[in-house]
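The values are calculated or read from the model by the stated rules, or taken from the named source; none is laboratory data. Since we're looking at a predicted model, the values are computed, not measured. Please note: Cβ atoms are built from the backbone with ideal geometry, for glycine as well, and neighbour counts cover all protein chains shown. Areas reflect the complete protein model, heavy atoms only, side chains present, ligands, DNA and RNA absent. Shrake-Rupley method; radii C 1.70, N 1.55, O 1.52, S 1.80 Å.
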Amino acid sequence: MINTSLILAEESESHNPLLPEWYDITWSLVAFAVVLFVFWKFVIPRYRKVLDERHDTIEGGIARAEAAQAEAAQQLAAYREQLAGAREEAAAIRDEARTQGAQIVSDMKAQATTESERIIANGAAQLDAQRQQVVSELRGDLGKLSVDLAEKLVGASLSDDVKQAGTVDRFLAELDGVSNETAK
């Protein structure tokens, strides 16, 4: 046993257990180089391609979102401008309608006043014509009655037209004079 421990002690002095052997380092470097080459040649380009695609997708989405937002803001501004124009137009139409309504009302009042005055004038003219007609009929009737009464009183015939007309006119003139005195 001592012999084995001496051999181990000799080997252990010459060999550090923390440092690997040169062939292990060489094969590890070769394997590392192969893995590094495979990663460098195949994995990293695909990884970069995927990252670039994601970057482009994200940037493109942001750009599209910004463009859509700008377009929406532009449409909103156009809509508000259109709405303001429509409100102004509606206000102008309302004002015009009020003005036209007031004009129509004033025209209708003027027309009604004119029509009323015309009707009143026609009524007054008809009343005057009817009064003249009634007065002339009454004069004729009154004259005939007064002649008949005078004939009965006098007992003579007053049927002569000239005499009768003079008598009637004189009687009516006296009657007008009496009515004027009572009116005063």
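Before moving on, here are some points about what is shown:
- With both labels modelled 7 Å from their Cα along Cα-to-Cβ, the Val30 to His15 distance reads 2.1 nm.
- Carbon and sulfur %, accessible surface of the stretch 1-149 computed with the full protein complex present, 1.4 Å: 63
- Evaluated with a Cβ-only charge set (Lys, Arg +1; Asp, Glu -1), the chain carries a dipole of roughly 460 debye about its Cα centre, given to the nearest 20.
- For the stretch 23-132, a crude dipole built from +1 on the beta carbon of Lys and Arg and -1 on the beta carbon of Asp and Glu, taken about the Cα centre, is about 380 debye to the nearest 20.
- In the full protein context, the chain carries 89 Å² of accessible surface per residue, based on a 1.4 Å probe and ignoring ligands, DNA and RNA.
- With 5 Å bins beginning at zero, the pair-distance distribution over Cα atoms of the stretch 23-132 amounts to 2, 8, 6, 6, 5, 6, 5, 5, 4, 5, 4, 4, 4, 4, 3, 3, 3, 3, 3, 2, 2, 2, 2, 2, 1, 1, 1, 1, 1, 0, 0, 0 %.
- Considering only Gly123, Ala97, Ala77, and ranking their Cα positions along the charge dipole of the stretch 23-132 that arises from unit charges at the beta-carbon of Lys, Arg, Asp and Glu, the one farthest toward the positive end is Ala77.
- Each of Val50, Ile62, Asn180 was scored by the projection of its Cα onto the charge dipole of the chain, and the greatest displacement toward the positive side belongs to Asn180; charges sit on the C-beta of Lys, Arg, Asp and Glu.
- Quotient of the Cα radius of gyration of the stretch 78-145 and 2.2 N^0.38 Å, N being its number of residues: 2.62.
- Kirkwood Rh in Å, taken over all unlike Cα pairs in the stretch 20-74: 14.7
- Here the average projected area of the convex hull drawn through the C-alpha atoms of the chain stands at 37.6 nm².
- About the centre of its Cα atoms, the stretch 82-144 shows a dipole size close to 260 debye [charges on the beta carbon of Lys, Arg (+1) and Asp, Glu (-1) only; nearest 20 debye].
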